[in-house]
Amino acid sequence: MKIAATTTAQHHAVQRSPEEQAKLDHALRELFERMITFNQMLGVQVESVDPAAPRVRFDMRPELVGHFLYDRLHGGVISAVLDATGGLAVMCAIGEKHKDESAEQVMHRFARLGTIDLRVDFLRPGNGQHFIATARVSRLGGRIGSTQMTLENETGTLIATASAAYVIS
């Protein structure tokens, strides 16, 4: 039993090279910003793929307004961005968990990733010029990942919070 534990520890002690990490970071950004076309339509841009604090930003545009009298962000946009940011956080955490794998190997792990539960609390009207969504992974198991997310405007006003669960295998 001790041998297996040592082998597992050695397996996870191998670190991805800086070049390979840059490839993974680029691949995550491409997936999130370009390949998921709904994110592209929302105008979401990745600001950080740091596993401890992934962050995205998007600008207010007329197409995202949900209340035309007050130019408020649509609740569906808020939900979609928070969901996507939680998914990004899980992807970053999986990359961190499997630092012994190449960028290509890690990217293949996302084939079955999907939201299985999402709860959004709308705290204030979605007013602002641009918005920042952040997420953190509260638990990453073998089959399920759980996250907590926030959405703030450019002044730091908290607009919404969310929690979600994602199937990861």
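The values are calculated or read from the model by the stated rules, or taken from the named source; none is laboratory data. Owing to the predicted nature of the structure, the values given are computational and were not obtained by experimental measurement. Because the Cβ atoms are built from the backbone with ideal geometry, glycine has one as well, and the counts that use them run over all protein chains shown.
Here are some notes:
- The criterion of being among the polar types (S, T, N, Q) and within 20 Å of Val167 (Cα to Cα) holds for Ser79.
- Those strands (runs of 3 or more DSSP E) of the range 43-106 in which 1 or more residues are among the small types (Gly, Ala, Ser) occupy 45-48, 65-67.
- Thr115 within 11 Å of the chain's Cα centre (by Cα) and either surrounded by fewer than 18 Cβ atoms within 10 Å (Cβ to Cβ) or among the hydroxyl-bearing types (Ser, Thr, Tyr) (or both): no
- Condition met for Arg109 (basic (Lys, Arg) and modelled with pLDDT of 95 or more): no
- Identity of the residue in the range 138-169, in contact (Cβ under 8 Å) with a residue 60 or more places away in the chain, in contact with a Gly (Cβ under 6 Å, 6 or more places away or on another chain) and farther than 15 Å from Ile116 by Cα, that ends up surrounded by the most Cβ atoms within 10 Å (Cβ to Cβ): Met149
- Selection within the range 119-130 - assigned to a strand (DSSP E or B) and among the charged types (D, E, K, R): Arg119, Asp121
- Residue within the range 121-128 that is surrounded by fewer than 19 Cβ atoms within 10 Å (Cβ to Cβ), of a type in the set (A, V, I, L, M, F, W, C) and touching a residue at least 60 places away in the same chain (Cβ under 8 Å) present: no
- For Ala133, the requirement of being in contact (Cβ under 8 Å) with a residue 24 or more places away in the chain, assigned to a strand (DSSP E or B) and crowded, with 18+ Cβ neighbours inside 10 Å is met.
- The range 88-100 residues that are of a type in the set (Gly, Ala, Ser), paired with ones that are part of a helix (DSSP H, G or I) and surrounded by 16 or more Cβ atoms within 10 Å (Cβ to Cβ) (beta carbon under 6 Å, 6 or more apart): Gly95/Leu24; Gly95/Val106
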